[in-house]
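What follows is a single structure, written as structure tokens, with notes after it.
What follows is calculated from the coordinates using simple rules that are stated; it is not laboratory data. Just so you know, these numbers come straight off a predicted model, no measurement behind them. Every residue, glycine among them, receives a Cβ derived from its backbone with ideal geometry; neighbour counts consider all protein chains shown.
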């Protein structure tokens, strides 16, 4: 009996230690041309306490504004947003130390890449100013080959200042990885491409497109956890659309706005994510708004507004929810910090922890295993 109690006691101690030491790596992509930044920063982050500590930084990478990490956690890929000189970079990644070693880079084949994804075969980039999508082969050593396919969008929208041409703002895998969806802010369209990862010349083949309200400017989208719905936030009018999704097809079923009732200031919708449990959706807004809208996701996929919370900074370009759902972190491009919020998993509400990661112009947050 004594041995049984001793075993239970030791098990409880081990469990408590594990609960209080659940740490992940937090990677932060930054702009390096507006203040002092070396590029990609790596921090330890405790998902139980929100404590963090600096771990490592890349060696002088130019404007690695958006990042993606390989499935095996061995490589990091970044865009290097620099007008017509923009590139895409590959890094060796050692999670235990956070060390990032540059491997190689290639031309992004379009100005100002703003989003990047990868799988075992390819790295795919959305070029904002260039209005194009570029596909790169991944080699066995993690390096990337020259672009094997470039898809150029054409046309313009109704907003003369912002939609003078195509502006591809995102590429996103469907849950089954058979399709890639791409939002074009300049053309007010969402394109669906069939994805053939092993193809040497036609990795992406357009199979459908959906037009949204003229002048709305589709920016980012996300899938519901069960893959049955897509949520699309629009940068230029603050609208938030809900679509039913099946086999690459989108059908609009609802429309919301991320703007508070009666709001008259400037705004610029930015990012959108769903909580790990699939119960809540969050969308960030910049300009004079600088807040996050919170929605409860109903069983039919439609959204119920739970109001807005200030992000406590300027330019909430990107945010991330840690895998446990305990915390939501907001990267502020203009106030040069990451604000950490505690997230109520029952109500979806956000509370300021008072904790801040101070660094130059953070614009992308990605969690990885330590």
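Structure summary
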{"quantity": "Highest-MSF residue in the chain out of 39, 131, 155 [GNM, Cα springs under 10 Å]", "calculated": "155"}
{"quantity": "Relative contact order (percent, whole number), the chain, Cα cutoff 8 Å, 6+ residue spacing", "calculated": "11"}
{"quantity": "Rounded, prolate or oblate (a/c below 1.5 giving rounded, otherwise prolate when a/b exceeds b/c) for region 136-243 by Cα gyration tensor", "calculated": "oblate"}
{"quantity": "Extension gain (nm, one decimal) between residue 104 and residue 152, 0.36 nm per residue minus Cα-Cα", "calculated": "14.8 nm"}
{"quantity": "For 304, 148, 189, order by how many other beta-carbon atoms lie within 10 Å, fewest first", "calculated": "304, 148, 189"}
{"quantity": "Exposure proxy order (Cβ contacts within 10 Å, fewest to most) of 288, 358", "calculated": "358, 288"}
{"quantity": "Theoretical ellipticity at 222 nm over the chain - DSSP helices of four or more residues, -39500 (n - 2.57) apiece, nearest 500", "calculated": "-1500 deg cm²/dmol"}
